[in-house]
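I have placed the structure first, in the form of structure tokens, so that the comments after it can refer back to it.
The values are calculated or read from the model by the stated rules, or taken from the named source; none is laboratory data. Note that the structure is predicted; figures quoted are calculated from it, not measured. Because the Cβ atoms are built from the backbone with ideal geometry, glycine has one as well, and the counts that use them run over all protein chains shown. The area values use the complete protein model at the heavy-atom level, side chains included, leaving out ligands, DNA and RNA. Shrake-Rupley method; radii C 1.70, N 1.55, O 1.52, S 1.80 Å.
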Amino acid sequence: AEVSVLARTPARLDDVPWRDEVTIHEGGLGDADALLAALRETDVACHLVHSMGGSRDFEREERETTEQFVRAVEEAGVERIVHLSGLHPEGEEELSPHLRSRAEVARIMLESTVPALVIQAGVVIGSGSASFEMIRHLTTRLPAMVTPKWVSNHIQPIAIRDVLHYLSAATTVPLCGELAHGRAIDVGAPDLLTYGEMMQVYAEEAGLRRRVMVPVPVLTPKLSSHWLGL
């Protein structure tokens with residue numbers, strides 16, 4: 001298969017081992033011309049972007065860039081969308097802004113005229129995963145810590161190799177039966193753990209002493225961000 005990649009800063013890909021095996025297009029999801037150029041003669045469009053980073057209103061930005069992406073996919077005649085989203089409880093009303101935005105993006109994808117397979121994963125265990133890197137850094141650097149209440153939230157982690165397996169399978173699985181018009185698919189390991197439990201498991205695997213955690217329910221998101229920056 002031939003692979004094309006859309007990147008805002010192509011130079012950042014100069015050192016990746018697969019650099020010479022793909023075609024790289026320069027541009028972001030907000031650039032309609034760059035999107036169409038990257039999607040021309042494409043069978044499958046894989047959307048692996050999350051805009052939570054620097055924008056003050058990342059939910060609005062993510063919604064708008066997703067709508068632009070879907071319009072470009074439809075115009076380019078792409079046959080299917082594969083999107084990596086976040087695992088969240090069914091029917092949960094009080095989602096965090098992060099998960100609420102993930103759910104909104106998934107909804108936009110699934111309402112496209114192009115069939116979309118939305119892979120909904122929990123914490124991805126592997127290098128480069130933001131959630132895993134946070135767990136790794138905190139556990140490695142802090143033998144004792146004051147923890148915000150989200151450390152007791154439950155999640156189903158999944159190995160990065162398993163996520164890649166599902167994403168790869170989603171690009172080729174026949175679109176028939178229940179998949180004919182696309183659907184959301186939850187993926188995760190059998191273990192249901194809290195973030196705190198995952199940190200203790202990481203400490204054990206890394207040969208560290210069991211970490212001391214003191215939960216503080218009044219820790220606000222702003223204070224929590226300072227704590228994470230420690």
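Computed quantities for the displayed model
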item	result
Relative contact order of region 1-61, defined on C-alpha pairs under 8 angstrom at six or more residues apart (%)	27
Anisotropy class of region 1-125 from Cα gyration tensor, a/c 1.5 cut	prolate
Accessible surface of the chain [probe 1.4 Å, protein heavy atoms]: carbon and sulfur percent	52
3J(HN,Hα) from dihedral phi, region 129-143, Karplus parametrisation 6.51/-1.76/1.60, rounded to Hz, x for glycine, proline	6, 4, 5, 5, 5, 5, 4, 5, 5, 5, 5, 5, 8, 10, x
Cut-off under 5 Å, modelled amide H: who pairs with VAL173 long-range	none
Shape call, region 112-201: gyration tensor on alpha carbons, a/c limit 1.5	prolate
Test item: Cα-centred dipole of the chain, Lys/Arg +1 and Asp/Glu -1 on Cβ, debye	1100
Protein-only accessible surface order, largest first, of ASP43, ASP15 at 1.4 Å	ASP15, ASP43
Loop-resident sites, region 1-78, for chymotrypsin sites (Phe, Trp or Tyr not before Pro), counting at most 15 other Cβ within 10 Å (DSSP)	TRP18
Low-density loop cleavage sites - GluC sites (Glu not before Pro) in region 57-154, where at most 14 other Cβ are within 10 Å (DSSP)	GLU79, GLU90, GLU92, GLU93, GLU94, GLU111
Taking the chain and dividing mean pair separation by its residue count, relative contact order in percent (alpha carbons under 8 Å, at least six apart)	17
Accessible surface, the chain, averaged per residue in Å² (probe 1.4 Å)	62
